[in-house]
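Beneath this line is the structure, given in structure tokens, with notes to follow.
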Amino acid sequence: MKTKAPAVKVDDRVQAARLLHQVITVGCTTDQAFARTTDPISPLSREMVYGSLRFFFSITDQISAVLHKPIEHKDQDLWALLIVGTYQLQRMRIPPHAAINETVGACEGLGKPWAKGLVNAVLRKLALEKIPERTFDHPQWMLDLIMADYPEQAVDIFHANNRQAPMALRVNRARISPEAYRNKLAEAGIQASPGWLPETLVLEAPVSTEKLVGFASGLVSIQDAGAQFVPELIPLESTTRLLDACAAPGGKLFHLLERYPGIDATALDVSTTRLKQLDLQARRLGHDTFTTLQGDASNLEWWEGDAFDVVLIDAPCSGSGTIRRHPDIKVLRGAKDVKKYAELQLALVENLWRTLRPGGTLLYCTCSLFAEENDKVVNSFLQLSGGAPQVLEISLPVGQATQFGWQLLPTDDDPKKTTDGFYFSCLKKTV
Amino acid sequence: MAILEILEYPDPRLRTKAQPVEAVDNLVRTLLDDLFETMYAAPGIGLAASQVDVHKRIIVIDISENRDEPHAFINPDLEISGKEIEAEEGCLSVPGVYESVTRADHVLVKALDRDGQSFEFEATGMLAVCIQHECDHLEGKLFVDYLSSLKRSRIRRKLEKEHRIQALP
């Protein structure tokens, strides 16, 4: 069957410039910008959008330095095109003349042929410049926060954030053994190496989900190797009543169901659209034994009063641990957002603590690097709640201990085993 | 993987009734990969094996915008329910034609996956419509069969004319 969408091939540079424009001017995330596009997105334009965001700060510094006057507000798509052009010129294996010609040509596609001279002049000048190394390509507030939290490791973190993350898989052990799945991958010509856990596989090179053997039939999911540590941290029994309080899109919940079949799990999320996505993934993986609830985890309107044995809070956060996968975070987020997230995170922990039975465990996690969203949230909670929570000791084969938990960083030496930045803290409700 | 040639209406081979798959082996899996590749390249949102002249009961579907929700059904068995909905349909075997067709809003599919394991799948809305459209192909049926004979013969003449033009040296 076919739908009526016109299938006209859009020029890669025009597409990349439009997508980047959506992110830097309109303020969408890359995921949103990609989802809104009806045309198929080519791998080249995808690479140009991600790369432009990864090196956004040094690229825009350079363009501003050679422009005589700033680009007008109504022509911000040209500004995006200049960024895409400079990225190609300096960071991709595209010969300079091709990068310049194709980018100049893209002015037509944006409906602004009058800008050809300008784009040509800017890119020709930049073709001769050497790439400056001064900014680490992070906004100042982020540099400050990371340097304060990780004085020894900050520079390594900045460099790691600007690399591409490997594609990690989680084999659905309820359906197939990791060895058998790895053989299936090998048959399909996809090379994978083992990760930290038996069910983790890391691909040599990323592939699309259509080409991933058994993806549609639920043998495997795509999930960062760090996010896969959750079942290691909260061993569950078959009768455990679990609440996953910010469940969608469901990766961590499904992992727990795959590892501990039979648990009595409830998936709570505030967004119905995101719950629909969770449902779709659940069907793909064949998980149908959990309960879904739509509700706001910062109040108790959804709660029927039966206490949970284990509460998992994978809290909304700045995502600063996932910059390798979402370089738009560096451009879109500000220091104020971190404060707002920290307030929400504390409210979530305080509220959900009440749904935990005495003797039960709460696992708080974020994909943030900032102590403000991690140890400091736990610390505030401990201050507020007196003696009742006991911090459990955590230890993982990678990462480092913090005062109240464990921090994963994107900086591991073995590139195949790197994880995103994650924070975990385990709190036990004393009887 | 390979992009296969899609038969076009009124090719009589599209009227062949497809046979059940006896064993989900590597040949079937290769065909699935090729069907997906052909469908994504076309680009379409669903493709039946019948449309590439392989008369086995296999369909592939992906109606997602991001092209990242592939579904494959081998030996699909449909149970139709729910209210009727009207949607504009097109078909890779009837290029350039879009017409409204009325179908059920809800289907329950029993089928085998690419590992030969049986599974059940429920769909509503556009996904349900697309599954019904593809399963029709396996019976040798096309969406133009739901239209009036006048419309159908007009479409037939239009496509025959296009095929004659394409055949010119």
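Read-outs: derived from the displayed coordinates by stated rules, not from any lab. Please read these numbers as outputs of a predicted model, since none were measured by experiment. When we count neighbours, we look across all protein chains shown, and the Cβ atoms used for this are built from the backbone with ideal geometry, even at glycine.
Values computed for the structure shown
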item	result
In degrees, nearest ten, helix A:272-285 long axis to first principal axis of chain A (Cα)	80 degrees
DSSP beta bridges in region A:227-429 [antiparallel fraction, %, rounded to 5]	45 percent
Kirkwood hydrodynamic radius of region A:75-121, from inverse mean 1/r over distinct Cα pairs, in Å	10.4 Å
Extension gain, A:Arg357 back to A:Ala35 (0.36 nm per residue minus Cα-Cα distance, nm)	111.8 nm
Cα-centred dipole magnitude for region A:227-429, charges only on beta-carbon of K, R (+1) and D, E (-1), debye, nearest 20	380 debye
Cα-based reach from A:Lys416 at 19 Å (exclusive), listing aspartates and glutamates while leaving out same-chain residues under 8 positions away	A:Asp156, A:Glu179, A:Glu199, A:Glu204, A:Asp224
Cα gyration tensor shape for region A:246-290, rounded if a/c is under 1.5, else prolate or oblate	prolate
Distant-in-sequence amide H partners of B:Val97 (H built 1.01 Å from N, under 5 Å)	B:Cys91
FRET efficiency estimate (nearest 0.05) - Cβ-Cβ, A:Lys130 to B:Glu122, R0 60 angstrom	0.55
Hz values of 3J(HN,Hα) by residue in region A:50-62 - Karplus curve (6.51, -1.76, 1.60), Gly and Pro given as x	4, x, 4, 6, 4, 10, 3, 6, 6, 5, 5, 4, 5
Neighbourhood net charge (13 Å Cβ-Cβ; Lys/Arg +1, Asp/Glu -1) for A:Arg36	-2
Tail weight of P(r) past 20 Å, computed on alpha-carbon pairs of region A:233-331, percent	41 percent
Under DSSP loop assignment and at most 13 Cβ neighbours within 10 Å, longest GluC sites (Glu not before Pro)-free interval of chain A	A:305-392
Karplus (6.51, -1.76, 1.60) ³J(HN,Hα), θ = phi - 60°, over region A:380-394, in Hz, Gly and Pro reported as x	4, 5, 4, 4, 6, 9, x, x, 4, x, 10, 7, 8, 7, 10
Net charge over other residues, Cβ less than 15 angstrom from the Cβ of A:Gly386 (K, R count +1; D, E count -1)	+2
With at most 10 neighbouring Cβ atoms within 10 Å, loop GluC sites (Glu not before Pro) (DSSP) excluded, longest segment of chain B	B:23-169
Gyration tensor verdict on region A:168-222 (Cα atoms; rounded if a/c is under 1.5, prolate if a/b is larger than b/c, oblate otherwise)	rounded
Antiparallel content of DSSP bridges confined to region B:1-109, in %, to 5	95 percent
B:Asp11-B:Leu108 pseudo-label distance in nm [points 7 Å out on the Cα-to-Cβ vector]	3.6 nm
Overall form of the protein assembly as shown per C-alpha gyration tensor (a/c, 1.5; a/b vs b/c)	oblate
Two-site label geometry, A:His68 and A:Val391: point separation in nm, points 7 Å out along Cα→Cβ	6.0 nm
Cross-link partners of A:Lys340 among lysines (Cα-Cα below 21 Å; sequence separation of 8 or more within a chain)	A:Lys330, A:Lys376
Restraint check, B:Lys83/B:Lys158; A:Lys336/A:Lys429; A:Lys130/A:Lys417; A:Lys130/A:Lys339; A:Lys112/B:Lys158; A:Lys69/A:Lys130, Cα-Cα greater than 28 Å	B:Lys83/B:Lys158; A:Lys336/A:Lys429; A:Lys130/A:Lys417; A:Lys130/A:Lys339; A:Lys112/B:Lys158
Burial ordering of A:Val171, A:Val122, fewest other beta-carbon atoms within 10 Å first	A:Val122, A:Val171
Neighbour net charge for A:Trp353 - beta-carbon separation under 12 angstrom, K R +1, D E -1	+3
Derived scalar couplings ³J(HN,Hα) [region A:22-39; Karplus, 6.51 cos²θ - 1.76 cosθ + 1.60; whole Hz; x for Gly, Pro]	4, 6, 7, 9, 7, x, 6, 6, 4, 4, 5, 4, 5, 5, 7, 7, 8, 6
Neighbour-count ranking [beta-carbon atoms within 10 angstrom, fewest first] of A:Lys69, A:Lys2, A:Lys340	A:Lys69, A:Lys340, A:Lys2
Using alpha-carbon coordinates, inclination of helix A:76-91 to the longest axis of chain A, degrees	90 degrees
Degrees between helix A:140-149 axis and first principal axis of chain A (Cα, 0 to 90, nearest 10)	40 degrees
Coordinate range along principal axes, alpha carbons of region A:10-128, Å, largest first	35, 31, 27
Euclidean distance of C-alpha centroids, region B:1-49 and region A:288-319, integer Å	44 Å
